[in-house]
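Below is a structure I'd like to ask you about.
The values are calculated or read from the model by the stated rules, or taken from the named source; none is laboratory data. Predicted model only: the values in this text are computed from it and were never measured. Glycine gets a Cβ as well: all are built from the backbone with ideal geometry, and neighbour counts include every protein chain shown.
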Amino acid sequence: MSEQIRFDYNNVLASVVGPEHGITEGDIEKIKDKISKAVSGISTIRKEGNPGFVTLPYATDSADEIQKFADSIADKYENFVVLGIGGSALGNIALNTALNHPFNGFLSKEKRKRPRIFVMDNVDPDVFNSLFDVIDLKNTLFNVITKSGGTAETMSQFIVVRDMLKKVYGESYSEHVIATTDPEKGNLKAIAKEEGYKTFDIPQNVGGRFSVFSPVGLLSAAVTGIDVRKLLEGAKAMEERCKDESFKNNPAYMYSILHYILGIKKGKNISVMMPYSSRLKDVADWYRQLWAESLGKKKGAGFVGQTPVKALGATDQHSQVQLYAEGPNDKLIIFLGVRTFDSDVTIPKAFEDKKGVNYLCGHTMSELLHAEQKATALALTKSKRPNVTIWLDKVDENSIGQLLYMLELATAFSGFLYDIDPFNQPGVEEGKNLTYGMMGRPGYEDKKKEVEQMREADLKYVI
Ligand code: PA5
């Protein structure tokens, strides 16, 4: 089991990156009332268990049930396909990339032991069609996930798959579908009842982007061989650690406070998450949704939020870091570092007469990656770019549980600092409604008209 993850925020201090871009004790003192409000806001959430994401690390019975079910079907299927989008897909992808074999889909069945996973986080027809070139419906189990039970992208994916399954299995097709949805409401719940699917419930007070520790994220994880009990243990360890109300000892609260001050007072409107581990790259993608959809909000006559960006070390040193080091100083960089990799690669002796290459020989790839991470952090610090590092002892279920939970809690805490509701997403509704209008959904005729009456593009400006 891995150790506690560590949050190092030395490189955001004014004493390190200078007063214009860094934070002083005084900056924190100035918002102490806001911080107290946020601390008590989170304790109320804990007391009430609402929103319910704070209760999920303790939902071990549900995790055991999921694990048992997953173990019972793992041998029967070659493929496990998640139909979902947004919060009903990104956590699944993040867990798979972090905790399963990086080339899982290419491993032989004997080596892999568990089903391959595919997460269809879109309705791109080319990609969707291509799925059926690599899977056989006869050995595939589909998990349709939607909290609302009616998301257009997910339901389209599902209607297509249902039709295909029916052609293969007739009415018994329903044995090859699992629905993960609201326990009572929504179209998918009703369909699941009518057609007899196995279902898993998403607690009513858990929203999409906070649902990775519910059956949304846990089922596909368990089916593909991830120990979901250990994942919850990690999340629980972080929750227990973050009950410390003295915020300076609390990694989630400090993460949020530093982002808030740097955003509001120092113009750091961009939050770049840059793991130095390819296995964590989709954690950065999951975080992008969490931070953006939760905190990007209208507030009175103004607007709040930071734009989350994902990057990957060392890859993006050759793509983005020039901008981070010398472009606008409007970013806070969050490095994710891994102290110990599961394996290593030693670079063998070669090219003794080529000093410019030979220095690498005898070192390991993890040494190189660590050196690059340290060097990038130092280079950015020297050019007064604030940055923090979250250190994972290693990438395993426990550390991923800790990390994802810390980021969820930090997001909820930020909601109190910004004084907005981090659990809703009103800004995406209008786009959805206009889409419904165009697709002919009853009740959205006005929206259809609105689209039809839309001013034609002036061809003068189309080149
Ligand atoms: O975080 C959220 O609530 C959203 O991103 C949803 O997860 C996304 O819109 C999909 O919704 P649903 O699970 O209802 O299909």
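Condition check: in a helix (DSSP H, G or I) and not assigned by TED's automatic domain parsing to the domain that holds Phe341. Does Gly105 satisfy that? Give the steps one after another, and end with the answer.
Details: in a helix (DSSP H, G or I): yes; not assigned by TED's automatic domain parsing to the domain that holds Phe341: yes.
Yes, satisfied.
Here are the criteria: (1) more than 28 Å from Leu323 (Cβ to Cβ); (2) touching an Asp or Glu at 6+ places or on another chain (Cβ under 9 Å). Tell me which single one Lys243 does not satisfy.
Checking Lys243 against (1) more than 28 Å from Leu323 (Cβ to Cβ); (2) touching an Asp or Glu at 6+ places or on another chain (Cβ under 9 Å), the one that fails is (2).
Is there a residue being more than 27 Å from Pro183 (Cβ to Cβ) and touching a residue at least 40 places away in the same chain (Cβ under 8 Å) anywhere in the range 137-147?
yes
Among the residues of the range 229-273, write down those that are under 13 Å from Tyr58 (Cβ atoms) and not in a helix (DSSP H, G or I).
The answer is Lys243, and nothing else.
Hey, among the residues in the range 340-397 that are charged (D, E, K, R) and closer than 29 Å to Ile261 by Cβ, which one's surrounded by the most Cβ atoms within 10 Å (Cβ to Cβ)? It would help to see each step written out before you state the result.
From the range 340-397, those charged (D, E, K, R) are 342, 344, 349, 352-355, 367, 372, 374, 382, 384-385, 393-394, 396-397; that's our starting set.
Next, from what is left, pick out any that are closer than 29 Å to Ile261 by Cβ: 372, 374, 382, 384-385, 393.
Values: Glu372: 15, Lys374: 14, Lys382: 11, Lys384: 15, Arg385: 25, Asp393: 17.
The qualifying residue surrounded by the most Cβ atoms within 10 Å (Cβ to Cβ) is Arg385.
Checking the conditions here, which among Phe80, Phe69 is among the aromatic types (Phe, Trp, Tyr), assigned by TED's automatic domain parsing to the domain that holds Lys198 and touching a helix residue (DSSP H, G or I) at 6+ places or on another chain (Cβ under 9 Å)?
Working: Phe69 fails: assigned by TED's automatic domain parsing to the domain that holds Lys198.
After ruling out the rest, the residue left standing is Phe80.
Taking the criterion of being assigned to a loop (DSSP other than H, G, I, E, B), more than 16 Å from the ligand (Cβ to nearest atom), touching a residue at least 24 places away in the same chain (Cβ under 8 Å) and closer than 26 Å to Glu408 by Cα, would at least one residue in the range 62-81 satisfy it?
No: the range 62-81 contains no residue that is assigned to a loop (DSSP other than H, G, I, E, B), more than 16 Å from the ligand (Cβ to nearest atom), touching a residue at least 24 places away in the same chain (Cβ under 8 Å) and closer than 26 Å to Glu408 by Cα.
Suppose the filter is closer than 30 Å to Thr55 by Cα, surrounded by 22 or more Cβ atoms within 10 Å (Cβ to Cβ) and out of contact with any strand residue (DSSP E or B) (no Cβ under 7 Å at 6 or more places or on another chain); does Val177 pass it?
no
Based on what the data block shows, is Val177 more than 12 Å from the ligand (Cβ to nearest atom) and within 17 Å of Gly84 (Cα to Cα)?
So Val177 fits the description; yes.
Any idea which of (1) within 14 Å of the ligand (Cβ to nearest atom); (2) more than 22 Å from Ala63 (Cβ to Cβ) is the one Leu165 doesn't satisfy?
So the condition that Leu165 fails would be (1).
Test each condition in (1) part of a helix (DSSP H, G or I); (2) closer than 30 Å to Ile42 by Cα for Val160 and report the one that comes out false.
In the conditions (1) part of a helix (DSSP H, G or I); (2) closer than 30 Å to Ile42 by Cα, Val160 misses (2) alone.
Pick out the one residue from Leu459, Leu434, Leu417 that is surrounded by 14 or more Cβ atoms within 10 Å (Cβ to Cβ), among the aliphatic types (A, V, I, L, M) and either away from the ligand (no atom under 16 Å from the Cβ) or assigned by TED's automatic domain parsing to the domain that holds Gln204 (or both).
Going through Leu459, Leu434, Leu417 in turn, the sole match is Leu417.
Counting just the residues of the range 1-15 that are assigned to a helix (DSSP H, G or I) and buried (at least 17 other Cβ atoms within 10 Å of the Cβ), which one comes out farthest from the chain's Cα centre (by Cα)?
Ala14
I've got another one for you. Could you tell me which residue of the range 438-450 is surrounded by the fewest Cβ atoms within 10 Å (Cβ to Cβ), considering only residues that are under 12 Å from Ala152 (Cβ atoms) and in contact (Cβ under 8 Å) with a residue 12 or more places away in the chain?
Filtering the range 438-450 for residues that are under 12 Å from Ala152 (Cβ atoms) and in contact (Cβ under 8 Å) with a residue 12 or more places away in the chain, the one surrounded by the fewest Cβ atoms within 10 Å (Cβ to Cβ) comes out as Met439.
Here are the criteria: (1) of a type in the set (D, E, K, R); (2) within 16 Å of the ligand (Cβ to nearest atom); (3) loosely packed, with under 13 Cβ neighbours inside 10 Å. Tell me which single one Lys147 does not satisfy.
(3)
Take the residues in the range 93-144 that are over 30 Å from Ser399 (Cα atoms) and either within 16 Å of the ligand (Cβ to nearest atom) or of a type in the set (Ser, Thr, Tyr) (or both); name whichever of them is surrounded by the fewest Cβ atoms within 10 Å (Cβ to Cβ).
Ser130
Given the criterion touching a Cys at 6+ places or on another chain (Cβ under 8 Å) and closer than 20 Å to Ile45 by Cα, identify the matching residue among Leu404, Leu409.
Numbers: Leu404 fails: touching a Cys at 6+ places or on another chain (Cβ under 8 Å).
Just a single option satisfies the conditions, and that option is Leu409.
I would also like to ask the following. Identify the residue in the range 302-334 that is within 16 Å of Arg288 (Cβ to Cβ) and among the hydrophobic types (A, V, I, L, M, F, W, C) and, among all such residues, is surrounded by the most Cβ atoms within 10 Å (Cβ to Cβ).
So the first thing to find is which residues in the range 302-334 are within 16 Å of Arg288 (Cβ to Cβ), and the list is 305-312, 316, 320, 331-334.
With the extra rule that they be among the hydrophobic types (A, V, I, L, M, F, W, C), the set shrinks to 309, 311-312, 332-334.
Numbers: Val309: 19, Ala311: 20, Leu312: 19, Leu332: 25, Ile333: 27, Ile334: 24.
So, considering only residues that are within 16 Å of Arg288 (Cβ to Cβ) and among the hydrophobic types (A, V, I, L, M, F, W, C), the one surrounded by the most Cβ atoms within 10 Å (Cβ to Cβ) is Ile333.
How about the range 250-302: which of its residues are of a type in the set (Ser, Thr, Tyr) and within 16 Å of the ligand (Cβ to nearest atom)?
Tyr287, Ser294
Further question: Going residue by residue through the range 113-135, is there one that turns out to be basic (Lys, Arg), over 23 Å from the mean Cα position of the chain (by Cα) and part of a helix (DSSP H, G or I)?
Checked against the condition, which is being basic (Lys, Arg), over 23 Å from the mean Cα position of the chain (by Cα) and part of a helix (DSSP H, G or I), the range 113-135 yields no hits at all.
Residues in the range 187-221 that are more than 15 Å from the ligand (Cβ to nearest atom) and either in contact with a Lys or Arg (Cβ under 9 Å, 6 or more places away or on another chain) or farther than 26 Å from Thr411 by Cα (or both): how many?
So the answer is 6.
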